[in-house]
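Below is one structure, written out as structure tokens, with a few remarks after it.
Please treat every number below as a calculation from the coordinates, not as lab data. What you see is a predicted model, and the numbers here were worked out from it, not measured in a lab. Ideal geometry is used to build each Cβ from the backbone, glycine not excepted, and the neighbour counts take in all protein chains shown.
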Amino acid sequence: MDVLMLGRCSHEFSWPRRAADGDYYQVCLLCAAEYKYDWKSMRRIKRVNSAPEAASPEATRGKTRKKPTWVPRARRLTLQLPVRYRAKGLGTWHEGRVENLSQSGVLFRGPQQLPANTLVEMVFEMPEEISGQKNSKVLCQGRITRMKDADDQAEYHEFAASILDYKFLH
């Protein structure tokens, strides 16, 4: 309610999402303001209207959108952040380290091996470039998409996980 009374918001942004036109945007989880997001500069560009104008059927008839045949790799934000992770629903948390973060997910290292397709929970500090705030701890829900070290004897294993959802921890 304070946000509405003052007309100002401290903005806690969602993970960047892709709009129907292919552009990326972020939504403030507190006031629902939407901003265009540029992954190349990792910055919000400008505020956008939340209700896009619908094109008339006459304007879109006969026009098909060509799908790209090649999609560039997502830009990575190289980090060295502590992360706590566990298989979803299990009680034991493991300490690890985030190596990089991108629009497609997170790469991290840790002592506990998790097989591909495992649902995982991760707690780490979301970088200010994405969240819009300093000290933004988040609980992420994700899925292990691949492992670099499949050796059971390795001290640390490296995981790539897609981020399915996250929420800010206060």
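A viscosity of 0.890 mPa s and a temperature of 25 °C, combined with the Kirkwood radius over C-alpha pairs in the Stokes-Einstein formula, give region 83-170 a diffusion coefficient of 188 µm²/s. With labels modelled as points extended 7 Å from the Cα through the Cβ direction, what inter-label distance (nm, one decimal) is found for Asp21 paired with Thr145? Computed distance between label sites Asp21 and Thr145 equals 2.6 nm. Straightening the chain between Ala32 and Thr78 buys 13.7 nm, computed as 0.36 nm per residue apart minus the Cα-Cα spacing.
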